[in-house]
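Everything below concerns the one structure shown next.
The values are calculated or read from the model by the stated rules, or taken from the named source; none is laboratory data. Everything numeric in this text was worked out from a predicted model, so none of it was measured. Cβ coordinates were reconstructed from backbone atoms using ideal geometry, including for glycine residues, and neighbour counts include every protein chain displayed.
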């Protein structure tokens, strides 16, 4: 079943005070997210990720198009009870303690009064804040606020969670924990939709990703499908100071470090290269396939328009 | 009342309390005790008059300042700090948010006014050693002051729903001043002609009319307040407040929260 | 995806209903507490205190009180009031807040002193107001004129009136008639032309519409009184000469005692009754006339002041 269905969502802002000029934040966007998957929404800063999330949350109204979450309209309160949202760089009522905030939000999400305190305590433990529950949020660090933000998003056991830049402001340990948490959510059968500009996070977690740039969808699919379209390469490492000229002819770009040499070349030329090394009696240390990364794909997808955009300026 | 409105209202109240809004009560208590002691010394039969006039005026001014300064931030501060995102992405309708905010601040003001009223009665007891039958009209005057708070709060909320806190404060305060002289504005209108007359009269009916809600000096002179006036004032204040809240809802319902 | 249509609809309907309701309630409030705001002046301990409390915005407050005074008098006047208790305090507060608001003194002179229903019937308060005005504006001849006017019209105290006009005539740029009026007080105090001169001065030198209308009505009344006296004199002479009353003004014209058909200041024909009296066609349009009214005529409770323009 489809968890999120975006049908031609478009947003144009009017900027300027006197003479309003339209500024397109999101071109008509069509996509679907299936139930139970972790979906990464990738793009550089200012690509339209946050706008899309705000449209889905009903915080801004689309210029045209519509979206359905769990088969319901975005303003439907019944649907809102079943989703969780972590905004980018979240900021909360700083006069409340973390526990009070979670209990308040639990109430707003319709969690019965009896369960609110138990649920809040559970969430604090789950995001590693069990010691800080009684502390006012004004005393929280950025990373702690991010954790509170995650807690409030999953507090009411939503079916679909939306995270806007969930790893930002976290230290490496924290990022690891958030990754694990998202994985757990998937195992619990929840749909996770998160935006990020950090590709390794997406690569490690996502079933599928979409790449958005300048308000436009540039690619969508599973990480494996997207990366396989890029050509595969291998990395050869051998000992001995010389680089056979036939190897250079195969397009290798060697890096010499002391007595070891490292060179990458297309997988298709792998056998010819090994043959050349044997002929020169050089000692082969390793042959490692280099998997095309999401980064390569990403760079490749963004380049053309940037060139065009650059040319326009 | 719907439970979400109640939750938002009580959270608004909690915010006011934690932001030390009720500290104004200390200033008020100092003012009242200072005044009571001072008039107690100079007494020439007007102690009651001075205590009532000063006390009720202070209740009204303190409350109005609080209503404006909290009211203007009710919505705009939440947008600015983006605390609204995590509220409105929950099953909370936008009108519920506005209604909850209004009730929270109104509740804060009523509690505040209650404590100040105790202060006024205490000062009155101090200077005149007993209560009189006519002192019950003080309660009516206080009730009217609370009705004023409702109107001011709803207006501050209305302006807060579309403009920056500073502008909202300016608008709300200006309307408070104009509203105090609304009857005179109608007087000006009646003296003008043609378009000006229509505009002035229209404006005079649109701005909140506070003159009928101010019975401080008449109560200080122990004059009774007619039941009919209480009835009309109650209806007027509630209807005007509802109107301003509806305006706020209509605007907020359409806002893009950037 | 749009703003909730249901909420919008309900909020819009409520808004319009509340707007209508609030207007109706305000009208109701006006009925319940007519003049309650004005009665506040009774609680003002002193105009000086109010001035201090106005925090420097005394000019604006003076304008507000001035409007209240005009509204108060105008509303009560049109309701045919017999008492104008608040007019004096309102004017006193106004002039205390802004001692240079000349029109307020003029208004006081014209409406505070005359007897009800034409005014508040408080000539002494009016005189105090003028003397206060003169102390603050010694170079404004209007105030001396107004003072003399009150002595002359309302108190018939010609000595003090002459004195006031004489004081005023010494002020630079004073109206030249003040000197004449001062002289007239001694010998021709009851003369119709003296009265006419005074009302003309008032009419010509005020910008206030109600003062102007009042002066115009007085001037018309003086004219009617003069016309009726002349016409009835002619009728009497005709009867003396011919032994019987004229049947119409035409008889008087034919006898060479009258030129043309006589008309009142509003352009209507005078009536000649069968018993030889001259009457106005519509005496209600001439509030201050002493002659030309039918026998047993009761003037309307609310004097009719026609607009001047």
Margin query: Quick check on residue A:143: is it away from chain B (no Cβ under 13 Å) and either at pLDDT 90 or above or on the phi < 0 side of the Ramachandran plot (or both)?
Written below: yes
Check: more than 30 Å from residue C:111 (Cβ to Cβ), modelled with pLDDT of 85 or more and crowded, with 16+ Cβ neighbours inside 10 Å: does that describe residue C:265?
Finding: no
Notebook entry, point to check: Looking only at the stretch B:117-145, which residues are within 21 Å of residue B:225 (Cα to Cα) and in contact (Cβ under 8 Å) with a residue 60 or more places away in the chain?
Noted result: B:120, B:124, B:132, B:134, B:137, B:138, B:140, B:141, B:142, B:143, B:144, B:145
Checklist line | Search result, residues across the stretch A:61-91 that are part of a loop (DSSP other than H, G, I, E, B), at the interface with another protein chain (Cβ under 8 Å from one of its Cβ atoms), modelled with pLDDT of 90 or more and closer than 30 Å to residue A:143 by Cβ | finding: A:81, A:87
Margin query: Take the conditions surrounded by fewer than 23 Cβ atoms within 10 Å (Cβ to Cβ), under 25 Å from the mean Cα position of the chain (by Cα) and more than 14 Å from chain B (Cβ to nearest Cβ) and apply them to residue A:36. Does it pass?
Written below: yes
Checklist line | Pairs where the first residue, in the stretch B:195-218, is within 13 Å of residue B:178 (Cα to Cα) and the second is at pLDDT below 85 and not in a helix (DSSP H, G or I), C-beta under 6 Å, 6+ apart | finding: B:200/B:192
Next item on the list: Could you check how many residues of the stretch A:126-140 are within 13 Å of another protein chain (Cβ to nearest Cβ) and farther than 22 Å from residue B:85 by Cα?
Entry: 0
Next item on the list: Just need a number here: residues in the stretch C:244-291 that are within 34 Å of the chain's Cα centre (by Cα) and at positive phi.
Entry: 3
Item checked: Residue that is surrounded by the most Cβ atoms within 10 Å (Cβ to Cβ) [pool: residues in the stretch A:165-190 that are over 14 Å from the mean Cα position of the chain (by Cα) and either outside the structural domain of residue A:39 (by TED's automatic domain parsing) or not in a helix (DSSP H, G or I) (or both)] -> A:190
Notebook entry, point to check: Residue check: is residue B:10 within 14 Å of another protein chain (Cβ to nearest Cβ) and surrounded by fewer than 14 Cβ atoms within 10 Å (Cβ to Cβ)?
Noted result: no
Note to self: Given the condition in a helix (DSSP H, G or I) and more than 14 Å from every other protein chain (Cβ to nearest Cβ), answer yes or no: does some residue in the stretch B:90-103 qualify?
What the structure shows: yes
Note to self: Can you tell me which of (1) modelled with pLDDT of 90 or more; (2) within 28 Å of residue B:70 (Cβ to Cβ) is the one residue B:254 doesn't meet?
What the structure shows: (1)
Checklist line | Test: residue B:226 is at the interface with chain C (Cβ under 9 Å from one of its Cβ atoms), within 27 Å of residue B:56 (Cα to Cα) and free of Cβ contacts under 8 Å to residues at least 12 places away in the same chain | finding: yes
Next item on the list: Hey, can you tell me all the residues within the stretch A:15-49 that are in contact with a helix residue (DSSP H, G or I) (Cβ under 9 Å, 6 or more places away or on another chain), under 26 Å from residue A:188 (Cα atoms) and part of a loop (DSSP other than H, G, I, E, B)?
Entry: A:36, A:37
Margin query: Taking the criterion of being within 12 Å of chain B (Cβ to nearest Cβ), surrounded by 14 or more Cβ atoms within 10 Å (Cβ to Cβ) and modelled with pLDDT under 85, would at least one residue in the stretch C:7-30 satisfy it?
Written below: yes
Next item on the list: Go through C:176, C:172 for me and flag whichever is touching a residue at least 12 places away in the same chain (Cβ under 8 Å), under 28 Å from residue C:140 (Cα atoms), in the same structural domain as residue C:116 (by TED's automatic domain parsing) and surrounded by fewer than 13 Cβ atoms within 10 Å (Cβ to Cβ).
Entry: C:172
Notebook entry, point to check: Quick check: anything in the stretch A:115-125 closer than 30 Å to residue A:219 by Cβ, modelled with pLDDT under 95 and within 11 Å of chain B (Cβ to nearest Cβ)?
Noted result: no
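Let's see how each residue does on (1) surrounded by fewer than 16 Cβ atoms within 10 Å (Cβ to Cβ); (2) within 14 Å of chain A (Cβ to nearest Cβ):
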| position | (1), (2) |
| --- | --- |
| B:14 | no, yes |
| B:21 | no, yes |
| B:29 | no, no |
| B:37 | yes, no |
Margin query: I need the helices (runs of 4 or more DSSP H) fully contained in the stretch C:153-235, keeping only those with at least 1 residues that are at pLDDT 85 or above and closer than 28 Å to residue C:66 by Cβ.
Written below: C:158-169, C:192-205
Check: Looking at the stretch A:92-114, which of the residues that are farther than 29 Å from residue A:142 by Cβ and free of Cβ contacts under 8 Å to residues at least 24 places away in the same chain is nearest to the other protein chains (Cβ to nearest Cβ)?
Finding: A:113
Notebook entry, point to check: Yes or no: residue A:12 within 13 Å of chain B (Cβ to nearest Cβ) and outside any strand (DSSP E or B)?
Noted result: no
Check: Given the structure, is residue C:102 closer than 28 Å to residue C:50 by Cα and modelled with pLDDT of 90 or more?
Finding: no
Checklist line | Spans of strands (runs of 3 or more DSSP E) in the stretch A:236-313 with at least 3 residues at pLDDT 80 or above and in contact with a helix residue (DSSP H, G or I) (Cβ under 9 Å, 6 or more places away or on another chain) | finding: A:283-290
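Is it the case that residue B:242 is in a helix (DSSP H, G or I), at pLDDT 85 or above, facing chain C (nearest Cβ under 10 Å) and under 30 Å from residue B:131 (Cβ atoms)?
Details: in a helix (DSSP H, G or I): yes; at pLDDT 85 or above: yes; facing chain C (nearest Cβ under 10 Å): yes; under 30 Å from residue B:131 (Cβ atoms): no.
In short, no.
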